[in-house]
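In what follows, a single structure is set out as structure tokens and then discussed.
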Amino acid sequence: MTFKKTLLASVIGAVVAGTTLLPMTASAETLRIGYSADPETLDLHEQLSGGVLRFSHLAFDPLVRWTKDFQFEPRLATEWEQVDETTMRMTLREGVTFHSGNEFTAKDVVWTIERLKESPDYRAIFEPVASAEAVDDYTVEIVTTEPYPLLLNLATYIFPMDSEFYTGETDDGSDKAEIVKAGNSFASRNVSGTGPFIVTDRRQGVRVDFERFEDYWDTESEGNVSNIIMTPIAENASRVAALLSGGVDFIDAVPPNDLDRVREADGVNLIEIDGTRIIGFQMNEERVEAFQDARVRQAVDLAINQEGIADRLMRGFANPAGQFSPEGYSGHNPDLTPRYDIERAKELMAEAGYEEGFSVEMIAPNNRYVNDAQIAQAVANMLAQINIKVDLRTMPLAQYWPEYDTRESDMAMIGWHADTEDSANFFQYLTFCIDEETGAGQYNYGSYCNEEIDALVTEADSETDLEKRNEMLREAEAMLYEDVGFIMLHWQNLAYAAADGVEAEPVVNAIDFPYLGDLVVKSSDD
Amino acid sequence: MIAFLIKRLMHAILVMFVISVLAFAIQDNLGDPVQQMVGQSVPESEREEIRERLGLNDPFLVQYARFAKNAVQGDFGYSYFYREPALEVIARHLPATLELVFAATLIIVLFSVPIGVYSAIKPRSPISRLFMGVSIIGISIPVFLTAIVLIQIFAIGVTVTLFPENTGWGAWLNAFFSTEGNMPSFGRGYDLVNVVGNWDTNLATWNGLQHLVLPAVSLASIMLPLFIRLIRAEMMEVLQSEYVKYARAKGISMRRVYFVHALKNTMLPVITVGGVQIGTMVAYTILTETVFQWPGMGLMFLDAINRADIPLIVTYLMIVGVIFVVTNTIVDLIYGLVNPTVKLTGKPA
């Protein structure tokens, strides 16, 4: 390319609209990934975050993992049975070795569960587990304090760690097993798991290099990626550009504004998945008396056009929601759909004596959820139609949560993904009557309280007959739908994009943890 | 001279002190670092424990005293995210930023001097007018837009289909305006050469240089027009002065007049502005490095802000303050060399 041509191209290129993109080829074997975030730490139990969990699926294996349609797939546990109401016996896979060369046995599972119960981030989730015991080398029994139907859901978070490797003292005398938040612990820098990839180099915030583990147990996996270079690229436009320019082969979190561009580009494929993260608003009943009236809450719900937001603002990159549970979840109730009806909303406002409306403050983050600030703006405009005047403030994530915790606004936006991939979790955190002792309603911004719903969900959580349990949760969703304890907007979708030849579609899922060990890359000259 | 340097050292210390107080005073508005360290479902009691352990619950003065006591011993605290001393984190990111600033400076010097001088000598020529026009656009376009346009054209590539493809001239024009891309669009590449310590350089390999080009050009794009216009204006003024007229009258060759007599005096204000602008460029690296995922101090700082990584933010601000003082000091020293009538200690000559 001559300089002259370059100069002309840059002038023209900036204004030409009718441009298309040129193809590029995927490099085989080595997979270059551009993720929006890298793992904060290599210690699985130091922080419960998307980045660390994705990493867990590379360097470790869980006992069981989710399939694309929310079934359990055996990994390090091959079989499981409920021995009595509170005990589950799991049979472990034989012939599995850790990266260190140690053999994987039941003692590692017990050690890992005990460590999870020490972890600040997992302690609450593993509360129902009373103890774990190794029956023999390949059998482990997990005992819960009460009958608990979600033990397998929890097992997706049990990534057995190499107990021998993580036991002992480092040169400077600290315990290798200790979990230190934001500290320089042994486990945050050293890894020995059973997973398909070994960490060979890591520069935090810059890149992580992986190499395929030669003695990986899953020899039936067709995955053929031998090396991974993972670069965190937080900036959306840069991440997309890195893929389009052939600098990386696989990216996550394609922003909605670039979906069409990626879809139409040659040489790359867009993979969209229906997500499970509910986006919605909470109404502060402590501060706004009107919100204590169910009719006003219904009016707010009716005034919001969920379908419109999902269609136009999100460009179809979301599924409008009338309940917490997305399809595939135990409590999903197909009857509960959005019910936009502005006339009915006005009637309800009048009935409740608020025909003249009132003013509220609203807060929303501006860099947490897809199009969050725009969604809040749209909702504010919609509420103006029923004479609720909204004073909206948006702020970056780092400032949003401290602000949220003060509960000093009238409406707040929140997105929630159930760590257990189960319906009850939404209720427990978002709408349960606040109880500081038990931690119930930790994110119940509006102090909404409906004891009937709480009782039903609590009962469901100790019901081990899953069919019965699902029925109860569906009922709870229906009750919340009537009482409008939470303004549902939509489930935000997920989008990945991969270069041609990177067959990512089978290994990505709604949980947002790609199983890259099973990824097949076909080199372009095959 | 010594007195001057000591004075500047005192400046640097004062700057660091003021910045650290300010940074500490605003830290509550930067967000809650604990929020970034725990999962969403972690109960408040656990968070409180972490806050207590990190000393975030202590009163402002206690926190500041603790920080200051350690800082005078060279310990600026641990970065929450990198889990390392903040100073080490910055030292590791510094070379990438310095190389980027160096490359951008090189581009600015190589282009601004000839273009500026040319358009001062021939202010009416069409080429000069073109340069001036483009430089106005250059000043007005924000750096991230420049960066994204550069990425689109040189990394991703554009195929122009504006002209009819089935005619010979149309196809030729389409091909003429299209670009292939293939330039790297992010990061420093995988082909770095270690120079010493934690300094890996991009300057030693072809692949490394390729990665450096687009970020350096977009960083230079803000300052380059400014310098072209500055050099042009200064040069035009100098060309009007008596000594230049005298030199011409003496029959010295024009080339010698322009490049020896006139240019030397033109460069005086340029050095002053330039030195200060190089400091400013460190600030612009935040944008450039973010778009190009260039793992230097700017990107690190933006990440630190997003994560409310307070020790790292405070340390970065202090270091940048020192960089400003140091560049200003160097500028003053150079200025003294170029113009011996200037007395550094500021006493009247």
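Observations on the structure shown:
- Pairs are defined by a Cβ separation below 7 Å, a sequence spacing of at least 6 or placement on different chains, a first member in region B:285-310 that is at the interface with chain A (Cβ under 7 Å from one of its Cβ atoms), and a second member that is among the basic types (Lys, Arg) and open to solvent by 10 Å² or more (accessible area, probe 1.4 Å); the pairs so defined are B:PRO295/B:ARG188.
- Residue within region A:419-429 that is small (Gly, Ala, Ser), within 23 Å of the chain's Cα centre (by Cα) and closer than 25 Å to A:ARG123 by Cβ present: yes
- Restricting attention to region A:234-277, the residues that are among the aliphatic types (A, V, I, L, M), closer than 28 Å to A:LEU489 by Cβ and in contact with a Phe, Trp or Tyr (Cβ under 6 Å, 6 or more places away or on another chain) total 1.
- Residue match in region A:234-242 (condition: of a type in the set (Ser, Thr, Tyr), in the same structural domain as A:PHE513 (by the TED database) and open to solvent by 10 Å² or more (accessible area, probe 1.4 Å)): no
- Residue within region A:251-261 that is open to solvent by 10 Å² or more (accessible area, probe 1.4 Å) and at positive phi present: yes
- Note on region B:202-214: residues that are buried (at least 21 other Cβ atoms within 10 Å of the Cβ) and away from every other protein chain (no Cβ under 11 Å) total 2.
- Some residue of region B:47-54 being at the interface with another protein chain (Cβ under 7 Å from one of its Cβ atoms) and buried (at least 17 other Cβ atoms within 10 Å of the Cβ): yes
- Residue check, A:ASN425 over 15 Å from A:PHE486 (Cα atoms) and either in a helix (DSSP H, G or I) or open to solvent by less than 20 Å² (accessible area, probe 1.4 Å) (or both): no
- Checking each residue in region B:301-330 for being under 16 Å from the mean Cα position of the chain (by Cα) and among the aliphatic types (A, V, I, L, M) picks out B:LEU302, B:LEU317, B:ILE319, B:VAL320, B:VAL322, B:ILE323, B:VAL325, B:VAL326.
- Some residue of region B:187-201 being of a type in the set (Lys, Arg), part of a loop (DSSP other than H, G, I, E, B) and buried (at least 20 other Cβ atoms within 10 Å of the Cβ): yes
- When the residues of region A:102-131 are filtered to those that are over 14 Å from A:LEU154 (Cβ atoms) and in a loop (DSSP other than H, G, I, E, B), the one that is most open to solvent (accessible area, probe 1.4 Å) is A:GLU118.
- Scanning region A:212-221 for residues that are charged (D, E, K, R) and surrounded by 15 or more Cβ atoms within 10 Å (Cβ to Cβ) returns A:ARG212, A:ASP218.
- Candidate set from region B:109-143 (those that are within 11 Å of chain A (Cβ to nearest Cβ) and part of a helix (DSSP H, G or I)); member that is farthest from A:LEU243 (Cα to Cα): B:LEU130
- Which listed residue, of B:VAL34, B:VAL89, B:VAL38, is at pLDDT 85 or above, touching a Ser or Thr at 6+ places or on another chain (Cβ under 8 Å), under 29 Å from A:ARG203 (Cβ atoms) and facing another protein chain (nearest Cβ under 9 Å): B:VAL89
- Considering residues of region B:22-41 that are open to solvent by 50 Å² or more (accessible area, probe 1.4 Å) and not polar (S, T, N, Q) only, the residue farthest from the chain's Cα centre (by Cα): B:ASP28
- Leading residue by the ranking (nearest to B:GLY275 (Cα to Cα)) among those in region B:301-331 that are in a helix (DSSP H, G or I) and of a type in the set (Gly, Ala, Ser): B:GLY321
- Residues of region B:144-189 satisfying the condition of being within 30 Å of B:GLU88 (Cα to Cα) and at the interface with chain A (Cβ under 7 Å from one of its Cβ atoms): B:PRO184, B:SER185, B:PHE186, B:GLY187
- For region A:81-101, the tally of residues that are part of a strand (DSSP E or B) and either more than 21 Å from A:GLU220 (Cβ to Cβ) or within 23 Å of the chain's Cα centre (by Cα) (or both) stands at 7.
- Counting only strands (runs of 3 or more DSSP E) wholly contained in region A:306-399, the ones carrying 2 or more residues that are open to solvent by 60 Å² or more (accessible area, probe 1.4 Å) and at pLDDT 95 or above occupy A:358-365, A:388-395.
- In region A:47-74, residue surrounded by the most Cβ atoms within 10 Å (Cβ to Cβ) [restricted to those that are assigned to a loop (DSSP other than H, G, I, E, B) and free of Cβ contacts under 8 Å to residues at least 40 places away in the same chain]: A:SER49
- Hey, B:ILE6 within 14 Å of chain A (Cβ to nearest Cβ), out of contact with any Cys (no Cβ under 9 Å at 6 or more places or on another chain), open to solvent by 60 Å² or more (accessible area, probe 1.4 Å) and among the aliphatic types (A, V, I, L, M) or not: no
- Taking every residue in region B:221-238 that is free of Cβ contacts under 8 Å to residues at least 12 places away in the same chain and within 14 Å of B:THR280 (Cβ to Cβ) and pairing it with any residue that is open to solvent by less than 50 Å² (accessible area, probe 1.4 Å) and part of a helix (DSSP H, G or I), at least 6 positions away or on another chain, yields no pair with a Cβ-Cβ distance below 7 Å.
The values are calculated or read from the model by the stated rules, or taken from the named source; none is laboratory data. Small disclaimer: the values here were computed from a predicted structure and weren't measured. Every residue, glycine as well, gets a Cβ built from its backbone with ideal geometry; the counts of neighbours run over all protein chains shown. Areas reflect the complete protein model, heavy atoms only, side chains present, ligands, DNA and RNA absent. Shrake-Rupley method; radii C 1.70, N 1.55, O 1.52, S 1.80 Å.
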